[in-house]
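Working notes, structure below.
The values are calculated or read from the model by the stated rules, or taken from the named source; none is laboratory data. Everything numeric in this text was worked out from a predicted model, so none of it was measured. Neighbour counts run over all protein chains shown; Cβ positions are idealised from the backbone, glycine included.
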């Protein structure tokens, strides 16, 4: 009897969500007519323009040299003329161009070139390196989902940094993502290299959260905005991954999935200032022994940007704390801890000044990225070995010629736990081609 | 909602949901069916049933007033003109901030999540911040192509659609045309009509109300336009400099001639060499006024003005640019008074 009640309830639910997509694609006849009218007007205007141009061409002397491509400043004049010629045929709507390519995804390529000078101590990076070339392909797939691909080209190989489908029309305000993606662990792990406020990633990420690649794995992500009082934005995310994250998790069996949970709270303190706090938890199978590794994280971001002068001045303060619980052979566990504190102030429209303090423990025998030169004794160690502590500090100056390129210098001093001191200067050029979609806040 | 992430599902939120529903008899019947299953129902089915009730509650609530979110305050002002008190309107960008550079803050998601209609300027004005907000809003109604997504540019006369090859060497150029089109009252009229038609289609019960308000707005705008035309008529053909390409529609409508820009290219900050060019142009062509939007630094315009004996006019491209501009009419009143006074001052 109970089952008889459950089944109609489930069927009702399916019927309820079934019509939603159908409703979403109901043709909007009035809008279609408006668009068709606009396109008709535009075609007429273009025809008139072609006739005008043909007339001008016929009237021009045969020996006249070809006109060069108009300079940007001339675009307005040229367009104004066109608008003037079509006074009776105004151009309504601006989406008439390149109709044949309209379904191509937005394509972008972002170059990340790094030059390094000074003494790197035990973590070698090349003097000059085309560190990464990111190719982005992004588009709306259908009325229910969008797709994003980010291919990361190094100098010697290609990797799928991210590639996922995001379902934007799920009922109940859920959002589902499936594919390979950066995990929602903290804030830095989710960021692509070209949007980092530094040339390198903080020591805590390098030591405890799988280095530059971070937790970046194939899996599913389900998130939801959770109602909260007082204009607080609260978002919960639950993710399940295959379980392969270099140096942190390794899936020996299909059941060795790793999971990540993240809770983010955000609030506007004022029109110009806001704060975001996050808590993260990740667990997965140890790469060294048949046991579970765990990561705990807390992150905080304070932003200030006065709206009237938003393009000239801003400040972003960030910090993340990560605790790890790593299993060793023999049943013991190591619990390294690390954090960073960082601040960036925008001095003017093109200049940014920043600083970062890093401190992070790691296992003496733990693989890091860039690779640490570990001691010979580590050959006999299964696990990450005894804990040591790295400490570093950086000062950064960034210049933006435009919003599509930037030049950054980072002066960095690091004291590694083995007792070595690194003093480096990193110079970075980032440049963007094409239409790269904006990243989430 | 947090209960969706916990192992047990408390019934207290269900009571809140029930109180929001329009048909209490159906709701109670549905609830009692679910509640009767008590401990026998698997947790997943309980969650699904609750989800059905929540969706129903949300739909019923949305039927009362249209929740409209606009990209800019100008579109909000036009929506308010035709929607009156039958809609709730909120805008994302403020009138005094650069609409190209808005931070996609999560607090905007709370508004977009509940929106029935999202009205955008389009022509890639919001490309740097709106797409991630739409994607993260979890609101299928306002996704591109959905019924609750309205691109206002389809109703407007668009200028400066680039011809020939377009590259970023031209700066942050908009390949589909200049998106500052709302600064032509004719476009304001067409956009308002387009919004009214969309609202009427979405809420047929209020269709006559929206159309009547649209007609009323049309009449009031026609009357106001006569005054604005009269004030601006003496200055037809006058040459000006503007900081950014924000004014092509306004200047075409009122016959002003924009000779050059403080920015050497759209989105590129002023350079010394270009500033010198602007000074020479102003001197050569006897140009006396520089229009500057409220979100740009005044140092370069002021130095150019002092070098040429000209004047800087900080005019407002949007409703909400200053406190006294609270609607579409006041935007033109404010700007036209300011411009007329400035022209009279410099002669």
Among the residues of the stretch B:114-130, what is the count of those that are surrounded by fewer than 21 Cβ atoms within 10 Å (Cβ to Cβ) and in contact (Cβ under 8 Å) with a residue 12 or more places away in the chain?
3
Residue list for the stretch A:411-441, filter: in contact with a helix residue (DSSP H, G or I) (Cβ under 7 Å, 6 or more places away or on another chain) and within 14 Å of chain B (Cβ to nearest Cβ):
A:437, A:438, A:439, A:440, A:441
Hits in the stretch B:115-125 (condition: within 10 Å of another protein chain (Cβ to nearest Cβ) and either closer than 21 Å to residue B:88 by Cα or out of contact with any helix residue (DSSP H, G or I) (no Cβ under 9 Å at 6 or more places or on another chain) (or both)):
B:124
Among the listed residues A:300, A:265, A:324, identify the single one that is within 14 Å of another protein chain (Cβ to nearest Cβ) and modelled with pLDDT of 95 or more.
A:265
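Quick one: in the stretch B:144-155, which of the residues that are out of contact with any helix residue (DSSP H, G or I) (no Cβ under 6 Å at 6 or more places or on another chain) and at negative phi is modelled with the lowest pLDDT?
Once the filter is applied, the top-ranked residue is B:144.
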Close pairs from the stretch B:175-204: first without any contact (Cβ under 8 Å) to a residue 12 or more places away in the chain, partner buried (at least 22 other Cβ atoms within 10 Å of the Cβ), Cβ under 7 Å, at least 6 apart
B:200/B:210
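Look through B:159, B:176 and report the one residue that is in a loop (DSSP other than H, G, I, E, B), at negative phi and in contact with a helix residue (DSSP H, G or I) (Cβ under 7 Å, 6 or more places away or on another chain).
B:159
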If I filter the stretch B:163-179 for residues that are under 29 Å from residue B:212 (Cβ atoms) and more than 7 Å from chain A (Cβ to nearest Cβ), do I get at least one hit?
no
For the stretch A:141-157, the count of residues that are more than 14 Å from chain B (Cβ to nearest Cβ) and within 18 Å of the chain's Cα centre (by Cα) equals 6
Filter result for the condition that a residue is in contact with a helix residue (DSSP H, G or I) (Cβ under 6 Å, 6 or more places away or on another chain), closer than 25 Å to residue B:137 by Cβ and surrounded by 15 or more Cβ atoms within 10 Å (Cβ to Cβ), over A:147, A:172
A:172
Say whether the condition of being closer than 30 Å to residue B:64 by Cα, more than 12 Å from chain A (Cβ to nearest Cβ), out of contact with any helix residue (DSSP H, G or I) (no Cβ under 8 Å at 6 or more places or on another chain) and free of Cβ contacts under 8 Å to residues at least 40 places away in the same chain is met by at least one residue in the stretch B:227-237.
no
Does residue A:205 satisfy the criteria of being under 13 Å from the mean Cα position of the chain (by Cα), over 29 Å from residue B:114 (Cβ atoms) and either within 12 Å of another protein chain (Cβ to nearest Cβ) or crowded, with 23+ Cβ neighbours inside 10 Å (or both)?
no
So residue A:249 fits all but one of (1) within 18 Å of residue B:109 (Cβ to Cβ); (2) crowded, with 19+ Cβ neighbours inside 10 Å; (3) in contact (Cβ under 8 Å) with a residue 24 or more places away in the chain; what number is the exception?
(1)
Residues of the stretch A:194-221 being assigned to a helix (DSSP H, G or I) and within 20 Å of residue A:363 (Cβ to Cβ), which ones?
A:203, A:204, A:205, A:206, A:207, A:208
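Kindly establish whether residue B:244 is in contact (Cβ under 8 Å) with a residue 40 or more places away in the chain, within 23 Å of residue B:73 (Cβ to Cβ), surrounded by fewer than 22 Cβ atoms within 10 Å (Cβ to Cβ) and within 12 Å of chain A (Cβ to nearest Cβ).
Yes, satisfied.
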Failed criterion for residue A:439 (all others in (1) surrounded by 15 or more Cβ atoms within 10 Å (Cβ to Cβ); (2) under 21 Å from the mean Cα position of the chain (by Cα); (3) in a loop (DSSP other than H, G, I, E, B) hold):
(1)
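Within the stretch B:60-114, how many residues turn out to be under 20 Å from residue B:294 (Cα atoms), within 14 Å of chain A (Cβ to nearest Cβ) and outside any loop (DSSP other than H, G, I, E, B)?
2
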Search result, residues across the stretch B:127-154 that are more than 7 Å from every other protein chain (Cβ to nearest Cβ) and not in a loop (DSSP other than H, G, I, E, B)
B:130, B:133, B:134, B:141, B:142, B:149, B:150, B:151, B:152
If residue B:214 meets every condition in (1) crowded, with 22+ Cβ neighbours inside 10 Å; (2) within 8 Å of chain A (Cβ to nearest Cβ); (3) closer than 19 Å to residue B:75 by Cβ apart from one, which number is that one?
(2)
If residue A:169 passes every condition in (1) within 14 Å of chain B (Cβ to nearest Cβ); (2) part of a strand (DSSP E or B); (3) touching a residue at least 24 places away in the same chain (Cβ under 8 Å) but one, which one does it miss?
(2)
Conditions first: (1) free of Cβ contacts under 8 Å to residues at least 60 places away in the same chain; (2) facing chain A (nearest Cβ under 10 Å). Residue B:266 passes all but one, so which condition is the exception?
(1)
